């Protein structure tokens, strides 16, 4: 079970089953609404920013109770994400992606034959597992070997380890360019790029510089058999109009139907809405 209990003052308080976690959240720029609830947190990530803080209590002092989250997907497409208090302040899952995972599963399941799906910046595998559970053949690409290892563990925990999933540790743009040279084609592309990042050979990534180039190659990789595309974004300088234009210009073309673009959100227990990025889905 997941629940956003409260948010405010640059933080969010979330329940994952028995775990109540207090973490940084720059988008939570309003005052907290339920200050008493924060006193019951299982653990709190403290520090000036992600990557420079620590969990209190430290992970090695947490109980041995399994920390896992079964995504509330349709019964036909279940999967589980194993969670962990990571040094970045992340825990291995982004619950705001749930609506996208359900959309992906519907698109894959509605296809007349199994789809070949490319998932980039794929992290611990939520989108990969949603697509695989619905019957897709998935190529999972992430630059961090540690999170690809975690994604494989999530596939095993979800009884999906025997599905046709390729696990690739590589820079997304380099991998796509190699696939383009090989003449490969995919039915669908999923990508969730960071604002900045590093590839496994220390390649630099900047979303404003590199996303248009990556999307152009994605357009070529899906030119002959394109069924759908999903892009998500958490960069404050890129709004819905910009994300829609990126996808339209590079992949769909000016004469095609533009993607549906909207905010990713989480709703707190008091019905307040916490902005959590953007999505662009094509077709609508």
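The values are calculated or read from the model by the stated rules, or taken from the named source; none is laboratory data. Everything numeric in this text was worked out from a predicted model, so none of it was measured. Glycine also receives a Cβ, built like all others from the backbone with ideal geometry; neighbour counts cover every protein chain displayed.
Inside the range 125-154, residues that are in contact (Cβ under 8 Å) with a residue 40 or more places away in the chain, closer than 17 Å to residue 83 by Cβ and over 15 Å from the mean Cα position of the chain (by Cα) make up a count of 1. In the range 155-185, of all residues being out of contact with any helix residue (DSSP H, G or I) (no Cβ under 9 Å at 6 or more places or on another chain) and in contact (Cβ under 8 Å) with a residue 40 or more places away in the chain, the one that is surrounded by the most Cβ atoms within 10 Å (Cβ to Cβ) corresponds to 175.
Restricting attention to strands (runs of 3 or more DSSP E) lying wholly within the range 180-284, give those where 1 or more residues are assigned by TED's automatic domain parsing to the domain that holds residue 146 and more than 24 Å from residue 131 (Cβ to Cβ).
Values: elements: 188-191, 196-198, 204-206, 228-233, 260-267, 273-282.
Per the criteria, 196-198, 204-206, 260-267, 273-282.
Scanning the range 106-122 for residues that are closer than 23 Å to residue 68 by Cβ and surrounded by 24 or more Cβ atoms within 10 Å (Cβ to Cβ), we see that the one that is farthest from the chain's Cα centre (by Cα) is 119.
For residue 138, are the conditions met, namely being under 16 Å from residue 190 (Cβ atoms) and modelled with pLDDT of 95 or more?
Yes; evaluated as a whole, the condition is true for this residue.
Inspect all residues belonging to the range 27-40 and state whether any of them is surrounded by fewer than 19 Cβ atoms within 10 Å (Cβ to Cβ) and closer than 18 Å to residue 160 by Cβ. Before the answer, list the steps.
Taking the range 27-40 first, the residues surrounded by fewer than 19 Cβ atoms within 10 Å (Cβ to Cβ) are 27, 29-40.
Among the residues that remain, those that are also closer than 18 Å to residue 160 by Cβ are: none.
There is no residue in the range 27-40 that is surrounded by fewer than 19 Cβ atoms within 10 Å (Cβ to Cβ) and closer than 18 Å to residue 160 by Cβ.
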